[in-house]
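Enquirer: Below you will find the structure I want to go over with you.
Please treat every number below as a calculation from the coordinates, not as lab data. Small disclaimer: the values here were computed from a predicted structure and weren't measured. Ideal geometry is used to build each Cβ from the backbone, glycine not excepted, and the neighbour counts take in all protein chains shown.
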Amino acid sequence: MSEKNVNLIDLLLSKDRDDFLVKKEEIEIDSLSRMFNQPFIIEMRRMSLEQEAELEEYGYKLKMADKGKLEMAENNRMRKLLTLVYSVFYNGEALFKNKELISKFKVGTPTDLVLVLLTPDEIDLLYAAYDNLINNIPKEDEIKN
């Protein structure tokens, strides 16, 4: 073994649990920044393991189709909305769970509030940003051929 070989177990032991589970990033929501003529910046955080497990319910599943055939069923829309409900924070609080905002905009649920405040494109962009945050996907300009 060369001097450059490092014990991987020792490397893992040198880290804390939060080094793997706590991830966050500030993101600007363009439409709201334009509306208020100032940067509208939220904090995106990794969901808890329990919340991530809950979202598995909205992933790909087999369902019975016509004539007893199996096909894939998915509810990507709800998965995206709940991801934003669980991961978007402002001033330390989950933005879309804010009871004052839910009341002001006369919506019944945090997912309804997401639909009122964000454009469909922003929902997709924020969902992709969450995926990038969690999976450490490099930005296009960081990828070298």
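Enquirer: Could you line up I9, I134 from fewest to most neighbouring Cβ atoms inside 10 Å?
Expert: Ranked by crowding around the Cβ, least crowded first: I9, I134.
Enquirer: Counting other Cβ atoms within 10 Å of each Cβ, which GluC sites (Glu not before Pro) in the stretch 76-127 have at most 13 and sit in a DSSP loop?
Expert: Answer by residue number: there is no such site.
Enquirer: Let me ask you something else. What translational diffusion coefficient, in µm²/s and rounded to a whole number, does the Stokes-Einstein relation yield for the stretch 1-40 at 10 °C and a viscosity of 1.306 mPa s, taking the hydrodynamic radius as the Kirkwood radius over Cα pairs?
Expert: Diffusion coefficient, whole number: 113 µm²/s.
Enquirer: Where the centre of each part is set by its Cα atoms, how far does the stretch 97-117 sit from the stretch 1-32, in angstrom?
Expert: 34 Å
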